[in-house]
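Read through the structure below, which is laid out as structure tokens, and then see the notes.
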Amino acid sequence: MYYQIEERIIRDLPKSWKHVSGLHLATNVELKELGWLPVEVVEVTPTNTQNRNGQSINVQTDRVVVTELVRDMTAEEISSLENSKITAIKGEAGRRITARFPDWKQRNLIARGLELTRIGDANLTPEQSAEFQEIQSAWAWVESVRTKSGELEKSLPDDFTADHHWPA
């Protein structure tokens, strides 16, 4: 990017301009004589509680320095961001649960669990007892995902979709 002094704009360097061709082959000294200065961009990475807030343009003798500006978020903006992230974390937990146990399977597990509960632990066959244990294990996993979701909703990591945050 270059700054065109006469037009006071930042743009890509054209191959030709006015009566001059081959601008892209010229040195910075030659370009300066023609009214073009190289642009140096100073990127600033906002923190989690800052927003980008425009740019500062400083025209110097041999270059133009463009610095990105940031500002602190208002309490309302921070609250809105946190609420959005919490909603997204809850959605990720739901996605993971539904991926392992689709809605139809959850309904079937609930119904079968109720049937086995009505029979009573003392009256279950070994196969029914094993089946009941599988249903309880499934529920324990769902509970672990929900618990992890609650923890992530408090810590609000940026990478909350990463597998390392969630139960296997």
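The residue of the stretch 82-100 that is surrounded by the fewest Cβ atoms within 10 Å (Cβ to Cβ), among those that are closer than 15 Å to residue 154 by Cβ and among the aliphatic types (A, V, I, L, M), is 88. Tallying residues that are touching a Ser or Thr at 6+ places or on another chain (Cβ under 7 Å) and within 17 Å of residue 4 (Cα to Cα) within the stretch 29-57 yields 1. Of the residues making up the stretch 135-147, at least one is loosely packed, with under 15 Cβ neighbours inside 10 Å, of a type in the set (Gly, Ala, Ser) and either touching a residue at least 60 places away in the same chain (Cβ under 8 Å) or in contact with a Pro (Cβ under 8 Å, 6 or more places away or on another chain) (or both).
Residue count for the stretch 8-32 satisfying the condition of being surrounded by 10 or more Cβ atoms within 10 Å (Cβ to Cβ) and of a type in the set (Asp, Glu): 1. If the condition is being among the charged types (D, E, K, R) and either exposed (fewer than 15 other Cβ atoms within 10 Å of the Cβ) or not in a strand (DSSP E or B) (or both), then the stretch 56-73 contributes 62, 63, 71, 72.
Taken over the stretch 33-54, the residue count meeting the criterion of being free of Cβ contacts under 8 Å to residues at least 24 places away in the same chain, part of a strand (DSSP E or B) and surrounded by 14 or more Cβ atoms within 10 Å (Cβ to Cβ) is 1.
For the stretch 101-118, a residue qualifies if it is surrounded by 14 or more Cβ atoms within 10 Å (Cβ to Cβ) and either out of contact with any helix residue (DSSP H, G or I) (no Cβ under 7 Å at 6 or more places or on another chain) or part of a helix (DSSP H, G or I) (or both), and the qualifying residues are 106, 109, 112, 113, 116.
Bear in mind these aren't lab numbers, they're just calculated from the coordinates by the rules spelled out. Keep in mind the model is a prediction, meaning the values are calculated, not measured. Heads up, the Cβs are rebuilt from the backbone with ideal geometry, glycines too, and the neighbour counts pull from every protein chain shown.
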